[in-house]
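Asker: Could you have a look at this structure, given as structure tokens, before my questions?
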Amino acid sequence: MNTLSQASHQWATRPDDERFISLIDLFDHFDLVRSQSKHVVVPSKALNFEPTPDNRGLLVSGPNGTGYAPTHHAFGQLATLAKAPPSYLRTLPSPIAADNLNYGIKFVRDVEDLGLLLQKNGSNVLRCALGPTYGRAAWILVRERRQTSSGPTREAFRVGGPVYGAGRMPPRGHGRTSFAGALPCIRRL
């Protein structure tokens, strides 16, 4: 399958909230996600993992008891923070995965606060789980910066690691973020 066919197939099989006809639609979607989201910092020991009633997923609740369903990305982050292999946990029944994550977060991990990105959009979604010193750059900010700079001499901007700009791109697989995923979790400058 050639590259164009692969790209077309990948786009066509994405869920509706990851498929956009134009960059304007993409930015409007992420602006809506940003308006529905909030960043909270909670102690890692206060998190509790429980299986959904149908045992097909997990809910993560904090000190207030509200359950949030983690995205695929957030689940991987939480499993890594609990020092458990996310790919293996995804193969387990949800009650067993919940027990492993509860043990890892409460007993294996050092006491530390976690920064969580929560979204309420009719359902509760946990989009990102990292350390409390991580910041989030909303796509709207990237768009505004992109619209105010033009031409090959545009100013460099920093997203996480090294500074890129003025036409330079990071090497393949290094520091690139996906527009189709959740809001990017970006290290504060």
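Asker: Give the number of residues within the stretch 112-139 that are modelled with pLDDT of 85 or more and either under 12 Å from the mean Cα position of the chain (by Cα) or among the β-branched types (Val, Ile, Thr) (or both).
Answerer: 10
Asker: Quick check on Gly67: is it touching a His at 6+ places or on another chain (Cβ under 7 Å) and surrounded by 15 or more Cβ atoms within 10 Å (Cβ to Cβ)?
Answerer: For Gly67, the condition - touching a His at 6+ places or on another chain (Cβ under 7 Å) and surrounded by 15 or more Cβ atoms within 10 Å (Cβ to Cβ) - is not met.
Asker: While we're looking at this one, here's another question. Looking at Lys83, Lys45 in this structure, which one is in contact with a helix residue (DSSP H, G or I) (Cβ under 9 Å, 6 or more places away or on another chain), on the phi > 0 side of the Ramachandran plot and in contact (Cβ under 8 Å) with a residue 12 or more places away in the chain?
Answerer: The unique qualifying residue is Lys83.
Asker: Let me ask something additional. Applying the selection to the stretch 62-74, what residues are farther than 16 Å from His39 by Cα and either outside any helix (DSSP H, G or I) or at pLDDT 95 or above (or both)?
Answerer: Answer for the stretch 62-74, where residues must be farther than 16 Å from His39 by Cα and either outside any helix (DSSP H, G or I) or at pLDDT 95 or above (or both): just Gly65.
Asker: Looking at the stretch 94-131, which of its residues are assigned to a loop (DSSP other than H, G, I, E, B) and within 16 Å of Thr80 (Cβ to Cβ)?
Answerer: Arg109, Asp110, Glu112, Gly131
Asker: Right, Tyr88: surrounded by 13 or more Cβ atoms within 10 Å (Cβ to Cβ), among the hydroxyl-bearing types (Ser, Thr, Tyr) and over 18 Å from the mean Cα position of the chain (by Cα) or not?
Answerer: Judged against the criteria, Tyr88 is not a match.
Asker: Also, quick follow-up: Could you tell me which of the residues Val33, Val40 is among the aliphatic types (A, V, I, L, M), touching a residue at least 12 places away in the same chain (Cβ under 8 Å), within 21 Å of Lys120 (Cβ to Cβ) and surrounded by fewer than 15 Cβ atoms within 10 Å (Cβ to Cβ)?
Answerer: The conditions single out Val40.
Asker: Does the stretch 51-61 contain any residue that is assigned to a helix (DSSP H, G or I), closer than 21 Å to Val125 by Cα and out of contact with any Phe, Trp or Tyr (no Cβ under 6 Å at 6 or more places or on another chain)?
Answerer: Checking the stretch 51-61: not a single residue is assigned to a helix (DSSP H, G or I), closer than 21 Å to Val125 by Cα and out of contact with any Phe, Trp or Tyr (no Cβ under 6 Å at 6 or more places or on another chain).
Asker: Check Leu26, Leu58, Leu78, Leu47 and return the single one that is under 19 Å from Arg109 (Cβ atoms), out of contact with any Pro (no Cβ under 8 Å at 6 or more places or on another chain), surrounded by 12 or more Cβ atoms within 10 Å (Cβ to Cβ) and among the hydrophobic types (A, V, I, L, M, F, W, C).
Answerer: Residue meeting the stated conditions: Leu47.
The values are calculated or read from the model by the stated rules, or taken from the named source; none is laboratory data. Every value quoted in this text rests on a predicted model; they were computed, and no experiment measured them. Cβ atoms come from the backbone with ideal geometry, glycine included; neighbour counts cover every protein chain shown.
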